[in-house]
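The values are calculated or read from the model by the stated rules, or taken from the named source; none is laboratory data. Predicted model only: the values in this text are computed from it and were never measured. Virtual Cβ from ideal backbone geometry, glycine too; neighbours counted across all protein chains shown.
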């Protein structure tokens, strides 16, 4: 009886209105993009093992990771950085690997980069994944000519020095590349520029990034760090809009402060609360940047590109501090679901996003150790949420219960809904609260069909995580505690969980 009384008290109720009559914007599949920088064990020892490895691979890239990425319908992959991009000289990464010059990765651990993973390896990987490449060019330490020739090398199908060089290196036909970043974090590691100086440089570099044949570049300007709204204003004001298709925004989530970001595991409930509170700021940041963009671009032609986001913690003890290796817990899955819901909400402006990063770095989807590979809790959110890719966003209205800690309160419930091209409605719920479930009642009287499936990601503790010895502590499972009858969806969202339902 005491246990029953506790369960009944440890839950709240709310009504959620899903505006199936108001769907106006498409959730661009590209907000489910990923990021693989030459950083730590992200490329080498992560994605890339080489063709001669005993680990099963496709042209040198781990087959288990390729298969897992195809399963979640990866829409784009950003490369080679990050800070690394503005010290990367692409011609060092083409031709016979034995002849490629080595370099020092000055940003990330001072290790030697042998350039064995370069343009051909990356673009061949994207073809194997059936995903779009997102290349970030070197504006910080490179030249206009260098970036211009890279575009030509990759995308020109005719007769030219760069096209002929590509053919000499084994690729006859050009690749298709649309997403093109003109520099990265040029307010910081990409050159420590003022926004005015960067805007002038961008205009020059972007002018010489040509469209060849039917390959049309989607040119992305290096935008602001977190809440630098002045930087966004200068980009929108000083760069002619015909030269720019998108502006990037970078915003990482950490527990305490930049100097001490908190630990990935073994954290307190106060740290759990602080991280989610910080993560929810993404809504404010996107909203305010969108207001600046709307002032200059009311037609919303230019996309907001959140091409670096995710949790950033102190590195795991005993690992190279420049490699940014961290574990990944249920807390990270909850953060990922919450932020993806925010991107859905802003589907009118957010057109591309890239979680940082893919393998063994920051909020990774995969961790590897020799021939072993595991899927992190964050991977399972991308698996669950793939149903929203290119679906129509359906606005939701509700009053969230609150989760209180440290004398502050945050909404404990995040909800997003969409309708896909076949008419199926998917609703995703995130319950941040670690102790209280939420009983949901939602009226969808104009939706015909039945509750065909539901999935859940949860675990015994907020810091539960997967290991190579026990890789299934936090996984996506079937969930049966819901119903859809007479147009009413009723479902219990357990504490510290992510749930998605399908009605069709």
>> Among (1) in a loop (DSSP other than H, G, I, E, B); (2) within 27 Å of residue 470 (Cα to Cα), there is one condition residue 333 misses while meeting the rest; what is its number?
In response: (1)
> When you look at residue 181, is it in contact with a helix residue (DSSP H, G or I) (Cβ under 7 Å, 6 or more places away or on another chain) and closer than 24 Å to residue 309 by Cβ, yes or no?
Replying inline: no
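Results for (1) surrounded by fewer than 16 Cβ atoms within 10 Å (Cβ to Cβ); (2) within 29 Å of residue 176 (Cβ to Cβ); (3) under 23 Å from the mean Cα position of the chain (by Cα), shown as yes or no for each residue.
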| residue | (1), (2), (3) |
| --- | --- |
| 14 | no, no, no |
| 24 | yes, no, no |
| 28 | no, yes, yes |
| 38 | no, yes, yes |
| 48 | no, yes, yes |
| 51 | yes, yes, no |
| 77 | no, yes, yes |
| 109 | yes, no, no |
| 117 | no, yes, yes |
> What are the pairs, 6+ residues apart or on separate chains, where a residue within the stretch 322-334 that is in the same structural domain as residue 476 (by TED's automatic domain parsing) has its Cβ under 7 Å from a residue that is crowded, with 24+ Cβ neighbours inside 10 Å?
Replying inline: none
> Within the stretch 303-317, is there a residue that is part of a loop (DSSP other than H, G, I, E, B), assigned by TED's automatic domain parsing to the domain that holds residue 81, buried (at least 23 other Cβ atoms within 10 Å of the Cβ) and at negative phi?
Replying inline: yes
> How about the stretch 336-369: which of its residues are part of a strand (DSSP E or B) and farther than 21 Å from residue 498 by Cα?
Replying inline: 350, 351, 352, 359, 367, 368, 369
> Does residue 249 satisfy the criteria of being under 21 Å from the mean Cα position of the chain (by Cα) and in a strand (DSSP E or B)?
Replying inline: yes
> When the residues of the stretch 92-106 are filtered to those that are without any contact (Cβ under 8 Å) to a residue 60 or more places away in the chain and assigned to a loop (DSSP other than H, G, I, E, B), which remaining residue is surrounded by the fewest Cβ atoms within 10 Å (Cβ to Cβ)?
Replying inline: 96
> Within the stretch 483-504, which residues are buried (at least 18 other Cβ atoms within 10 Å of the Cβ) and either outside the structural domain of residue 457 (by TED's automatic domain parsing) or in a strand (DSSP E or B) (or both)?
Replying inline: 484, 489, 491, 493, 497, 498, 499, 500, 501, 502, 503
>> I'm told residue 387 meets every condition in (1) assigned to a helix (DSSP H, G or I); (2) farther than 20 Å from residue 447 by Cβ except one. Can you identify the failing condition by its number?
In response: (2)
> Can you find even one residue in the stretch 34-51 that is modelled with pLDDT under 95 and within 30 Å of residue 395 (Cα to Cα)?
Replying inline: no
> Within the stretch 253-289, which residues are in a helix (DSSP H, G or I), surrounded by fewer than 19 Cβ atoms within 10 Å (Cβ to Cβ) and in contact (Cβ under 8 Å) with a residue 60 or more places away in the chain?
Replying inline: 269, 270, 277, 283, 288
